[in-house]
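The structure appears right after this line, and notes come after that.
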Amino acid sequence: MIRRVALIVLVLALWGGAVLRDRLDTWVDSARLPPFLIETSVEMRDRTGALMRVFPVEDGRVRLALRLDQVDPAYLKMLVAYEDKRFFRHKGVDVLALMRAAGQALMSGRVVSGGSTLTMQTARLLENSGTGRWAGKLRQIRLALALERRLSKEEILTLYLTHAPYGGALEGLRAGSLAWFGKEPRRLTMAEAALLVALPQAPESRRPDRYAKAAETARALVLARADAPAQSRLAPVPRQMRPFVRRAPHLADQLRASNPLAGRHDVTLDARLQEQMEELAARAVRGQVAGVSAAVVVADHRSGEVLASVGSPAYSARGGALGFVDMTRSLRSPGSTLKPFVYAMAFDQGLAQPDTLIDDSPTVFGRYAPQNFDGQFRGELTVREALQLSLNIPPVMLMQELGPARLMGLMRQGGAVPQLTGKPGLAVVLGGVGLTLNDLVQLYGGLAQGGVVHPLIWEQGQTHPVRRILSQKAAWQVSHILASIAPPAGAATTRDIAYKTGTSYGHRDAWAVGFDGAHVIGVWLGRPDGTPVPGAFGGALAAPLLFEAFGRIASQPTPLPPPPPDTLLLSTAALPVPLQRFRSRDALFAKPASAPEVRFPPDGAVLRRDDETLSLKLAAGVLPLTVLVDGVPVVTGLNRRETLLSMGEPGFSRISVIDARGQSASVQIRLQSR
């Protein structure tokens, strides 16, 4: 009773009593205000401002920063009309409302209406105090009067809309609007606005996902006060709380860790494209063996801006795939994806041109004897064909002339950070080095940009100096060759894409990296723990995913650029003589290759014709080989030194073999009938 009388006396003093005014001013001015600058959730937003990630604050609460210009004016009008119609006229306390509340309390013996203003409610939210008890009211009155003396009405309203509860762990209008309606509070329907006005008064007992009827009743009262159209009351209330968006979680974690004091990260990503790439990565691992993960990076190579970054198909350890590991930044063996850069350096150094002939035959480089992926050798063919077929011997031959350190230098100049234990060797060109998917995407962006690398950037406003790694001519020549590689079977798009696949040793990594005139995309599949994935090939797994990713970017492809003016577009025969056929420096001083030899059957042998075939064993010579029997070719393009010959009738026969350089050998044998 004493507290009620004290409140009435205070109200009378506020109404016009001059006797206590000085003391009241002292009482208000001495009030210790709670802090205004409270922690709000860190946000990550895409290039258009769309929300991509929200980090909760203490106790898992989501409290989003807000400005009044982010709020629908109709909502603000409805809020003031319902909660505090004299908000813009009073000094923090609505004396008429308090007198009404006090009178009702004296008449009924209990609190019937609170009489709290929005400023008083803000004071309660700031200090996290009680609601409608008289002691709480006195404290709220004091804080409300103090707030009004130090802040503008707009600032007070902003504080209220930042702290007001909306059920569960939601604080603030933006959190409530996003969770219940999936949208920012810029444009709300009358029904949506009314529910968001009603919720803070009883955020748990009016939660629409649990107490739909109570939510509808509270909303109806707000709509009635706002004189809203009748149809607004017919709209259903939301029956579940929407989860907050969580796009590019690996990148969001990385950015927050690198700058923990930033309240907002504006990234270069496109939220729509990011969602599509995440769905694509998730679909790519369905049906794969356990533990397989996938990663995708999409960038605009004209600026270096990353448009999508998928570190794994699922941000969890589900399926044993170690989804928390960001595979865009993990070191892996790049397989054959570095071969284009070796050819481009060879073009720049004058060692070869696209139509230069090069030998694909068994070659030993010291103790290193690389093999082609299929175990076959093609003999002499053009550099263009060698790159299209992704053969191993030709780029290793070029690497021997250039030196592995030159390739390592090119990668570092392009902003990549290759990892290698010991000195670089020839195996670097076949994937014997550690690179990340981001590294490869950045380097291939340099190919697409005529040899100039724009370093990848993830946050808006970032700038980095560009770096030239190749001449414009060499970059175009390699790009032109890569663009002539046929798309994978069933490709989602037939657009003009220059691309290269790669498979690391032991089928641990499957790669595909490609570009058109505007975008560069990199795709990786494998197991994060480095264990093999049987049957995993870049061409079979990653390439279809790459083309599907390009199909999601835009309906119309951006064409690749035309050749630079100084580009040689000549056939093999029209090239200068030194460029017609690749010769290593050692080959210039080496003895001519040995002519082929027929090891079996020996010359003059008499053989019994026991079956229809004869085993032919050869030595030396340059592959591929051609075998003739009595002057008639019976085997052509032979890429090994052993085969079976179908023989004719008994009698004398001459077997001849001719190698790729025209050197030959022959033996004469006699076949006897059984």
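For the chain, DSSP calls about 85 percent of its internal beta bridges antiparallel. Projecting the Cα atoms of 281, 152, 168 onto the dipole axis of the stretch 148-288, where Lys and Arg carry +1 and Asp and Glu carry -1 at the beta carbon, places 168 farthest toward the positive end. Sites listed here are trypsin sites (Lys or Arg not before Pro) in the stretch 230-322 whose DSSP assignment is loop and whose Cβ has at most 13 other Cβ atoms within 10 Å: 239, 286. Put simply, the amide H of residue 581, placed in the peptide plane, has neighbours under 5 Å in 357, leaving out anything fewer than 5 places away on its chain.
Please give me the summed charge of the neighbours of residue 47: other residues whose Cβ is under 15 Å from its Cβ, Lys and Arg +1, Asp and Glu -1. Intermediate values should be presented prior to the final figure.
Values: positive: 45, 53, 247, 264, 272, 302; negative: 43, 46, 266, 270, 275, 300, 305, 459.
Summing Lys and Arg as +1 and Asp and Glu as -1 gives -2.
All other residues with a Cβ under 9 Å from the Cβ of residue 390 taken together, and with Lys, Arg as +1 and Asp, Glu as -1, what is their net charge? Net charge in that neighbourhood comes out at +2. For the stretch 189-204, putting each phi into the Karplus relation 6.51 cos²θ - 1.76 cosθ + 1.60 with θ = phi - 60° gives couplings of 6, 4, 5, 5, 4, 5, 5, 6, 6, 7, 4, x, 6, 8, x, 8 Hz, in residue order, rounded to whole numbers and with x for Gly and Pro.
Return the calculated 222 nm mean residue ellipticity for the chain, to the nearest 500 deg cm²/dmol, obtained by summing -39500 (n - 2.57) across DSSP H runs with n ≥ 4 and dividing by the residue count.
Details: 21 runs with 224 residues, N = 674.
-10000 deg cm²/dmol, from helical runs alone.
Helix 393-402 and the long axis of the chain differ in direction by around 80°, with both axes built from C-alpha atoms. In this Cβ point-charge picture (+1 for Lys and Arg, -1 for Asp and Glu), the stretch 180-287 has a dipole of about 280 debye about its Cα centre. Taking a Cβ cut-off of under 14 Å around residue 305, the surrounding Lys, Arg, Asp and Glu residues balance to a net charge of -3, with basic ones at +1 and acidic ones at -1. Near the amide H of residue 485, within less than 5 Å, lie the amide hydrogens of 499, all on another chain or at least 5 residues away, with H placed in the peptide plane. Computing Rg and Dmax of the Cα atoms in Å directly from the structure and comparing it against (1) 38.1, 130; (2) 35.7, 99; (3) 38.3, 140 singles out (3).
So what are the stretch 251-590's ellipsoid semi-axes, whole angstrom, largest first, if each one is the square root of 5 times an eigenvalue of the alpha-carbon gyration tensor?
33, 22, 19
Positive end of the dipole of the chain (Cβ unit charges, origin at the Cα centre): among 341, 252, 563, the Cα lying farthest that way belongs to 252. FRET efficiency for the residue 26 to residue 100 pair, using the beta carbon distance and R₀ = 22 Å, is estimated at 0.20. Computed about its Cα centre, the charge dipole of the chain is approximately 2760 debye, with only Lys, Arg, Asp and Glu carrying charge at their Cβ. The order of the peptides 363-369, 144-150, 662-668 by mean Cβ neighbours within 10 Å, most packed first, is 144-150, 662-668, 363-369.
Extension gain for the segment residue 644 to residue 371, taken as residue separation times 0.36 nm less the Cα-Cα distance, is 95.9 nm to one decimal.
Computed from point charges on the beta carbon alone (+1 for Lys and Arg, -1 for Asp and Glu), the dipole magnitude for the stretch 251-590 about its Cα centre is near 480 Debye. Subtracting the Cα-Cα distance of residue 558 and residue 88 from 0.36 nm times their residue separation leaves 163.6 nm of extension gain. Sites listed here are GluC sites (Glu not before Pro) in the stretch 591-642 whose DSSP assignment is loop and whose Cβ has at most 13 other Cβ atoms within 10 Å: 612.
Bear in mind that the values in this text are calculations on the coordinates, not laboratory data. Fair warning: this is a prediction, and the values are worked out from it, not measured in the lab. Quick reminder, even Gly has a Cβ in these numbers, built from the backbone with ideal geometry, and neighbours come from all protein chains shown.
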